[in-house]
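Okay, structure first, notes after.
The values are calculated or read from the model by the stated rules, or taken from the named source; none is laboratory data. A quick note: this is a predicted structure, and the numbers were derived from the prediction, not measured. Counting neighbours? That spans all protein chains shown, and the Cβs are built from the backbone with ideal geometry, glycine included.
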Amino acid sequence: MTDETHQTMGDDNSRRLRIFVSVLAVVYVLTFVSGFLQETRFNFLNYIFFTLLFMGGIVLMSETVKSEQPGMTKGFLFLTGFSTTALLIFYICYEWSRLRGYHDLEASVEALLYWLTLFFWIGVFGSLLLIRKPKAAADRRSARRTAPKQ
C-alpha cells in the first residue's frame, strides 16, 4: 500500500514539473506578445507577465530541489528557473535605461535579454524531454507487470 502511495507521489511530481514548465513557456509567450504594447497605455501587462515569470522561476527552482529527477534534468530545470528570475531583473534595468534615454545601455541589456531568452528555451525543451518518473517507481511498476498472477 505504501509503495503505491510513494509511486503516485513520484508520478505526480514529474507530472507537476512538466505542467509547471509548460505553463512557464506559455507565460513567456504571453510576455513576448505583450512586448508589442510597450509604447502604449497597456505597458503594465509587461510588468505583470515578467513578475509572474519571476515568481514561477523561484517556485520551479524550489520544486527542483525537492524532486527526484536525475542530475542533468535538474540542471535543465534550474536553467529554466534561473533564466526566468533573471529576466525580471534585466527587464527592469532595460525599462529604466529606455525611459532615461541611455540608448547604449538599453541596447546592451536588450542583448542580455535575448541571451536569457535563448537559455530559457533551451531549459524548457531540455526539461520537457528529460523529465521522467523516478526510477524506483518505474522499476516497481515493471516488476508488478511481469510478476505471475495468482
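How many of the residues in the range 63-113 are small (Gly, Ala, Ser), surrounded by fewer than 17 Cβ atoms within 10 Å (Cβ to Cβ) and under 21 Å from the mean Cα position of the chain (by Cα)?
3
So is residue 34 surrounded by 13 or more Cβ atoms within 10 Å (Cβ to Cβ), part of a helix (DSSP H, G or I) and modelled with pLDDT under 90 or not?
Yes, satisfied.
List every residue pair whose Cβ atoms lie under 7 Å apart, where the two residues are 6 or more positions apart in sequence or sit on different chains, the first residue falls within the range 77-97 and is within 10 Å of residue 116 (Cβ to Cβ), and the second residue, located anywhere, is basic (Lys, Arg).
Hits for this filter: zero, empty list.
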